[in-house]
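Have a look at the structure below before the remarks.
Computed from the coordinates by the stated procedures, all read-outs in this text should not be read as laboratory data. Here the structure is a predicted model, which means the values were calculated and not measured. Positions of Cβ are backbone-derived with ideal geometry, glycine not excepted, and every protein chain shown enters the neighbour counts.
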Amino acid sequence: MPILIDGHNLIGQMDDISLSDPDDEERLIECLAAYQRRHHSQVTVVFDSGRYGGLPARPRQHASGIRILYAQPGQRADDVICGIVRRSPDRRGWLVVSSDHAVQAEVRYLGATPIPSEQFARQLAAMRRPPAPQEKEKPPSPGEVEEWLRIFNTPRKAPSKRR
């Protein structure tokens, strides 16, 4: 299922990326690239232009395959996202990441599946967390020790020689 993401909306929900960071967009894209490698999903991220956005540019493709779009001046990422879903021949195929209730309502009406940015940010964070340490093996009980000693201390018969 292709994923369509409101980039700045998602950054605002992440613990390790801040909208005030000048490299926030690149850091998000690197995080999404790791997600894409693991889940084999087609990812499109849309950023607002303006105060927190980069310069409007033509769509570009990140080396990882993530499609990156910027809203044009006077346009919001929300409008771009809803327009993509609206024009899509398979509207039901999209997973849209945004916490904007109006965007969620519109894409749901169009047939796409919305997911709040907070929820997707938790998925990304869980993916980056190191795995929990494995439970240590319990030492054998005294009864198990006795059983192993009985098995391994029993003298074996020497193999008979055949002539």
What is the order of LEU95, LEU4, LEU124, LEU149, fewest Cβ neighbours within 10 Å to most?
LEU149, LEU95, LEU124, LEU4
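Sum up the charges of everything whose Cβ sits under 9 Å from the Cβ of GLU106, counting Lys and Arg as +1 and Asp and Glu as -1, but leave GLU106 out.
On the way: positive: ARG86, ARG108; negative: ASP78.
Summing Lys/Arg as +1 and Asp/Glu as -1 gives +1.
Could you give the dipole magnitude of region 3-130 about its Cα centre, charging the beta-carbon of Lys and Arg +1 and that of Asp and Glu -1, in debye to the nearest 20? Present the calculation step by step, with values, prior to reporting the outcome.
Details: 16 positive and 16 negative charges, 119 e Å.
For this selection, approximately 560 debye.
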Ranked from fewest to most other Cβ atoms within 10 Å of their own Cβ, SER18, SER99 fall in the order SER18, SER99
Amide H neighbours of VAL43 at under 5 Å, excluding residues fewer than 5 places away on the same chain, with H built from the backbone geometry, are ILE3, ARG67
Arrange TYR70, TYR35, TYR109 by Cβ neighbour counts within 10 Å, fewest through most, would you?
TYR109, TYR35, TYR70
